[in-house]
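First comes the structure, then the notes that go with it.
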Amino acid sequence: MFSTLSDRLTATFKNLRGKGRLTEADVDATVREIRRALLDADVALPVVREFVATVRERALGAEVSQALNPAQQVVKIVNEELVGILGGSTRRLTFAKTPPTVILLAGLQGSGKTTLAGKLGHLLRQQGHTPLLVAADLQRPNAVTQLEVVGQRAGVPVFAPEPGNGVGDPVDVARRSVQEARARQYDVVIVDTAGRLGVDAEMMQQAADIRDAVQPDEVLFVLDAMIGQDAVNVARAFADGVGITGVALTKLDGDARGGAALSVASVTGRPVMFASTGEKLGDFELFHPDRMASRILDMGDVLTLIEQAEKAFDAGQAEDLATRFLEGEDFTLEDFLVQMQGLRKMGSLKKMLGMLPGMAQVRDQLEQFDEREIDRIEAIVRSMTPAERRQPKIINGSRRARIAKGSGVTVTEVNQLLERFVDAQKMMRQLRQGGGVPGMPGLPGMPGGGKKSRGRTAPAKGRPRKAKSGNPAKRAQQEQAAREKAATGRGSAFGAGALGAGAPGQDPDGEPDLSQVQLPPGFEKFLGGR
């Protein structure tokens, strides 16, 4: 959603690189481009004015003029101010001291309240809570049925005593739902209310009546992030009419300009708490202002990527793989298959790669990536026998033809996968042993690791060592000569030789006679001489 805004800001900051000092004209030009980018992204005008005024004031201050890298300091200022208008800090749900905790959802029709209710219930269920969904939208056709279907997919029960479609009292349903939750020991109640195509007094009054009936702990305003400038007026109307405590953004995976996300927190004074980033139940996450600001400025969101990986990958399997890696075992195709399955659990590979820093510069290539490539690779590996996965070296020509036929690909694709896998095996082996990976020392605690390696092809320093003779008698003479050479102390650290007692250059007691040492001209003054 923020791709256009991110590209505009990134291009603006590129113009500042390489400048050791920023003049007032440079700052004004940068602020002007930032203002245009925010307005093009449908950010509310009052928010834009306040934002650019603060950025300009700080950019002209001492923190930029005295910085070693003024351009990076400006980026830091913009990042901090973006975090500020997005809400500042992460806001989590406030749970009641005495269950159940009541969460009321309010918003316009079509903003995604019913789907968000199911996603929120699914998230709370994963966190160990026992939520109950309440069908209080009795006006929209089939709204009750939709909530029941969403609840079934999420594994969350639904309280729907009325059929809906204009039949029933939503205030009474909401009141009875709290009693039902207490009786059946549900600790969270999520009330889905009716919406309208626009803000009107009747809708506001109904939402206020439900709020008074259930006394909710949280009132979430569900906002469609694609509605543009009108988001400001809608948010103000709900803040005044219902009294919201937080905002949940939906459809953040769309291609709209996304100004609503940057405006609503500043306009309403209420933080954005959740973000819906897709149609699946798992495409729902806690909103982190600092991470969203990093995404907008193309600095990535590695923390969210790590959190998703922790959920997708089994900790026991990862620990077992790490143990075998440290013990010197090779990475096999069975391990590779487990990693591929973990990647599939994390969701879209495009979305994951988009969380890495600097990926906006290769967005076009990223969009052209075919997600089905993962399916083809998994099909190839699954077409192998367990022995072939553990020992890819045994896969000869006939086996490759069989694998290609079983997975529906060509032999060339099988060959390419095996070649890439062998290269990955070599890299991991070299990483463990501390050699062969350019610019990377071995890992401490691993065999041969912990030291910087010159690589396998690095020549030994000094004169080449003389090869040992194959003749036993001659080899014995060579070894005896080597021992005598070592006994004389040839090649000491100071180049003068480690002299034995009574040898030339020593006194009779075996102590070195330093009077014969020749010092460089003028060196005596460092020893106190004149």
Open item on the list: Per 0.36 nm of contour for each residue apart, how much would the distance between Arg372 and Arg17 grow if the chain were fully extended, relative to their Cα-Cα spacing?
Closed with: 123.9 nm
Task: Potential lengthening between Met428 and Arg483 on full extension [0.36 nm per residue; Cα-Cα distance subtracted] - done: 15.7 nm
TODO: Subtracting the Cα-Cα distance from 0.36 nm times the residue separation, let me have the gained length for Asp320 to Leu45 in nm, one decimal.
DONE: 93.5 nm
Open item on the list: If amide hydrogens are placed 1.01 Å from N in the peptide plane, which non-local residues have theirs closer than 5 Å to the one on Thr101?
Closed with: Ala96, Val188, Val189
- [ ] Compute the distance in nm between two label points, each set 7 Å from the Cα along the Cα-to-Cβ direction, one at Met346 and one at Arg125.
- [x] 2.6 nm
Open item on the list: At a threshold of 8 angstrom on Cα-Cα distance, excluding pairs fewer than six apart, so keeping six or more, what relative contact order does the stretch 50-159 reach in percent?
Closed with: 18 percent
Task: Positive minus negative residues near Met204 (Lys, Arg vs Asp, Glu; Cβ under 13 Å) - done: -2
- [ ] Mind grabbing the accessible area of Val199 for me, 1.4 Å probe, Å², rounded to tens?
- [x] 70 Å²
TODO: Provide the packing ranking of 423-430, 132-139, i.e. peptides ordered by the mean count of other C-beta atoms within 10 Å per residue, highest first.
DONE: 132-139, 423-430
Task: Flagged links, alpha-carbon separation over 20 Å, of Lys119/Lys345; Lys350/Lys426; Lys14/Lys251 - done: Lys350/Lys426; Lys14/Lys251
Task: Nearest-0.05 FRET efficiency for Asn233 and Phe95, computed from C-beta distance (R0 35 Å) - done: 0.65
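The values are calculated or read from the model by the stated rules, or taken from the named source; none is laboratory data. Treat the numbers as computed from the prediction; the structure is a model and nothing was measured. Cβ sites come from the backbone with ideal geometry, for glycine too, and all protein chains shown count toward neighbours. Heads up: the accessible areas ignore ligands, DNA and RNA and are worked out on the full protein's heavy atoms, side chains in. Shrake-Rupley method; radii C 1.70, N 1.55, O 1.52, S 1.80 Å.
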